[in-house]
Amino acid sequence: MRPILAAHTPTIMRIAVYCSAKDIIPEEYLRLGDALGTWLARQGHTLVYGGATGGLMTHTSNAVRAAGGEVIGVVPQRIISSGRLAHNCTTLYIVSSMAERKQRMRDLADCFVCLPGSYGTLDEMFDVIASGTVGEHHKPIYILNYDGFYEGIRMQAETMRGLQFLPRQEAYTPIFAQSLDELYEMLDKL
């Protein structure tokens, strides 16, 4: 008689999502936020995000809430003053600066996901990578390289590794996913 193998049960996590706050981007990118947010909620995960309105931030957080999920927002006072506070958070932390926001999100999250974005997203991504590199945390970061969006960053890391600016075996490395389905599979294995 063969032993019965237990199925892997995915861990319920707080997942920080870094992404664009721009509204005027191609619709296909906004749909990424809708799909990810719905999936997060259906899996029982909690979204941790920047607590502001706009673009993928709004789409992801609204999709989590529409699917019955929890949303933790971490928003600096400056964003509240500019009238961009999101009103869909189930828990909201108000912080004094962008630096405090990044730290609080890193502390709250079990792992990190980067959707397409701009300078703010890159800043958050590199902050997580740099702090992981020096051992401040051991939480994985997943970068959605949808349609090659982050291919330049992936190639730059290869260039730095090839020139020995990065060690061949890094202690902490970002993980690239080429599609949402691949990202979901990776997150399910945590």
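Every number here is computed from the coordinates shown, using simple stated rules; none is lab data. Being a predicted model, the structure only gives us computed values, none of them experimental. Quick reminder, even Gly has a Cβ in these numbers, built from the backbone with ideal geometry, and neighbours come from all protein chains shown.
Of note:
- Per-selection Rg to Rh, the stretch 25-102 - Cα, Kirkwood hydrodynamic radius: 0.98
- Compactness ratio for the chain: Cα radius of gyration over 2.2 N^0.38 Å (N = residue count) comes to 1.05.
- A full extension of the chain between Leu108 and Arg154 corresponds to an added length of 13.9 nm, given 0.36 nm per residue minus the alpha carbon distance.
- Relative contact order computed over the chain (Cα-Cα under 8 Å; 6+ residues apart), in percent: 21 percent
- For the stretch 7-94, GluC sites (Glu not before Pro) are listed when DSSP marks them as loop and at most 15 other Cβ atoms sit within 10 Å of their Cβ; the list is empty.
- Kirkwood hydrodynamic radius (C-alpha pairs) into Stokes-Einstein, the stretch 108-185, 10 °C and 1.306 mPa s, D in µm²/s: 121 µm²/s
- Antiparallel %, DSSP beta bridges [both residues in the chain], to 5: 5 percent
- Spin-label model distance (nm) - Arg161 vs Leu180, 7 Å beyond Cα toward Cβ: 2.8 nm
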